[in-house]
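The structure under discussion appears below in the form of structure tokens.
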Amino acid sequence: MKIYLDGALVDSAEAKISVFDHGLLYGDGVFEGIRLYGGNVFRLEQHLERLEYSAKAILLTMPWSRKELADAVCETCRANQLKDAYIRLVVTRGVGDLGLSPWLCKKPSVFIIADKIALYPAKYYVEGLEIVTVPTRRVNPAALSPAIKSLNYLNNILAKIEVKQFGALEAIMLNDQGFVAECTGDNIFVIHKGKIFTPAAQQGALKGITRDAVFDLANELNIPIEEHDLTRYDVWNADEVFLTGTGAEVIPVVKLDGRQIGDGKPGPIFSRVLEAFRRLVLVDGTKI
Ligand code: PXG
């Protein structure tokens, strides 16, 4: 496997990062998870824009243009002869000393891994997921904006550990006020009486690229969609629920905290959105 590392493609065995890199020492860096579908990098421009916004939010100046990063992503996919893949684009603060000070790191490090995708098993797209609510709350936006896709994922990892302890595959994370924020690696959508609702970014959700695509698709399909504050009660009493993410795509949820959602089967609005999404991913993006 070839990895793109600081401007060159190297063998995976040679793709090494210094122990003094602040991405490792402090989680000081940003990243994107991107999908390649049939030789098409899905919404690459939007991913690179979000990466730029994340970098700006942490005052990390990237020495590469959007075009250079886009070319590097495509080159990494071509070098590995991939047509369908999961792409991880990571930018760290770079090598510094043992102090926190980011300004002592002279140059950010960049690397790109393009590999096979580990998806939820196919049966969950047909039968739906049973999810739970975990005790770990989403980090308060006043402490660290959840809109920044940073290398600090401990908040989500702690939640993910709880998900496993409950024997589930995914879970809702509430914000510190008890409103639904999102899941550990997915955004959440609730359907009630024909309308789709999802929490706003201010409630602690990442502005997901798949989430954005669902807004576009719902508008195309003439299904009303809006951001709305949601509680667990709203999710328990929804007609349909689904999650979105680069890894999960659009996946139905049929149970939350032991309460059956709707009739306990993936619903018609979910099915229309999923079908439209599967068409979209093949055309909306950048050919490698
Ligand atoms: N919320 C969080 C906290 C995420 O990490 C999403 C929502 C969905 O955003 P996108 O832009 O992907 O629609 C994410 C994305 C993984 C993995 O390896 C996680 C994500 C994406 C891809 C892979 O678990 N999270």
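Points worth noting:
- Kirkwood analysis of the range 99-170, using all unique Cα-Cα pairs, places the hydrodynamic radius at 15.9 Å.
- Surface accessible to a 1.4 Å probe, Glu75 within the full protein complex, Å²: 80 Å²
- Cβ-based charge dipole, the chain, positive-most Cα from Ile269, Ala85, Phe242: Ala85
- Net charge dipole size for the range 1-118 [Lys, Arg +1 and Asp, Glu -1 on Cβ; Debye, nearest 20]: 200 debye
- Packing here is the average count of other Cβ atoms within 10 Å per residue, and on that basis the peptides 255-266, 6-17, 87-98, 182-193, highest first, run 182-193, 87-98, 255-266, 6-17.
- Residue order by solvent-accessible surface for Thr231, Thr244 is Thr231, Thr244, largest first, with ligands and nucleic acids left out and a 1.4 Å probe.
- For the chain, the Kirkwood estimate of hydrodynamic radius, built from reciprocal distances between every pair of different alpha carbons, is 19.7 Å.
- Its Cα centre serving as origin, the range 145-248 has a Cβ charge dipole (Lys and Arg +1, Asp and Glu -1) of approximately 260 debye.
- Placing a label point 7 Å from the Cα of Trp64 along the Cα-to-Cβ line, the residues of the range 8-40 whose backbone N sits under 14 Å from it are 8-10, 30-34.
- Evaluated over the range 2-115, the Cα radius of gyration and Dmax, each in Å: 13.9, 44
- Contour excess over end-to-end distance, with Cα ends at Leu100 and Asp6 and 0.36 nm allotted per residue: 31.6 nm
- Computed extension gain for Arg259 through Ser271, at 0.36 nm per residue and net of the alpha carbon distance, reaches 2.2 nm.
- Carbon and sulfur %, accessible surface of the range 123-283 computed with the full protein complex present, 1.4 Å: 52 percent
- Legend: residues His228, His47, sorted from most to least accessible area (1.4 Å probe; ligands, DNA and RNA excluded), read His228, His47.
- Around the Cα centre of the chain, unit charges on the Cβ atoms of Lys, Arg, Asp and Glu (plus for the first two, minus for the last two) sum to a dipole of about 280 debye.
- Centroid-to-centroid separation of the range 167-234 and the range 126-166 [C-alpha atoms, Å]: 14 Å
- With the whole protein complex present, Lys287 retains an accessible surface near 130 Å², based on a 1.4 Å probe.
The values are calculated or read from the model by the stated rules, or taken from the named source; none is laboratory data. What you see is a predicted model; the values in this text were computed from it and never measured. Cβ sites come from the backbone with ideal geometry, for glycine too, and all protein chains shown count toward neighbours. Quick note on the areas: whole protein, heavy atoms, side chains included, nothing else; ligands and nucleic acids left out. Shrake-Rupley method; radii C 1.70, N 1.55, O 1.52, S 1.80 Å.
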